[in-house]
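To start, the structure itself, in structure tokens.
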Amino acid sequence: MLLPIGDDNRDRRTTPLVNYFLIIVNILVFVFLQDLGSNEKFTNSFSLVPEEIVSGEDIVTNDGVYKDPQTGERVHVTGLQPTPFSVYITFFTSIFMHGGIAHLFGNMLFLFIFGDNVEDRLGHFRYFIFYLVVGILASVSHIIATAMFGGNMLIPVLGASGAISGVLAAYLILYPRKRVRVIIFYFLTEVPAILVIGLWFLFQLMSGIGMLGGNLESGVAYGAHIGGFVSGLILVGFFLIGRKRTH
């Protein structure tokens, strides 16, 4: 277990207003619009459904009761709901929703630790656009991976993980040696960012490869994580063009 809890911000020169805004919006959406995850109709209206994106059509399905093959428990599953406006709006709405409190907490923790430094280097506006772009490209990667490897195109996906993966990649490029405070097996220590983020990406890569020989319907969009990370690695340089280094 390797859990980052903070980093060295002594060289940060600006207040990460956009990063705070993104965190607040994610929390507010989960609490008030998703009703702490209980409002499945709202969630299934604004989550991204690969088949809808490919076909361009809004798909609505009936609720169902399914039996968990491992536990034998019968689970009620809410069907896909109508999406107001164009289905392509879910490229944006899906990256501000989460599947549960643990999902939200993990994403916001990583965004809080790593996003502020990337915003400081890119600037407020560029950081905001960068976040949206890598989030969208992460979703595109998930759609492509799902279609290529025979996944269920009707399973909705949501969460900021893809966008945050891009932020982690940018942090890795910009601050590879910055010290990050982590908890490793109940011990608190500091390690370079390249180790933390490198191990994180390796886990995503191995998990994504492992999915190809197992359950493609686990609900974890590893394709989005990998796609967002690769997008961040490639694009951060373009977002730095014309941006003077202030420290």
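Read the figures in this text as sums done on the coordinates, not as results from a lab. Bear in mind the structure is a predicted one, so any value in this text is a computation, not a measurement. All Cβ positions, glycine included, derive from the backbone under ideal geometry; neighbour counts span all protein chains shown.
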Find out how many positive minus negative residues lie around residue 86, taking Lys and Arg as positive, Asp and Glu as negative, among other residues whose Cβ is under 14 Å from that of residue 86.
-3
C-alpha long axis of helix 193-211 to longest principal axis of the chain, angle in °:
20 degrees
Please list, by residue number, every one of the GluC sites (Glu not before Pro) in the stretch 15-62 that is coil in DSSP and has at most 11 other beta-carbon atoms within 10 Å.
57
Of 26, 165, 14, which is farthest along the charge dipole of the chain in the positive direction, counting Lys and Arg as +1 and Asp and Glu as -1 at C-beta?
14
Compute the helix-to-body angle for 101-122: its Cα long axis versus the longest principal axis of the chain, expressed 0 to 90° and rounded to tens.
40 degrees
Taking Rh as the Kirkwood radius, which is the inverse of the mean 1/r over Cα pairs, what is the Rg/Rh value for the chain?
0.98
If packing is taken as the mean number of other Cβ atoms within 10 Å per residue, what is the order of 74-87, 160-173, 97-110, highest first?
160-173, 97-110, 74-87
Using a 10 Å cut-off on Cβ atoms, rank the peptides 177-185, 190-198, 226-234 from the highest mean neighbour count down.
226-234, 190-198, 177-185
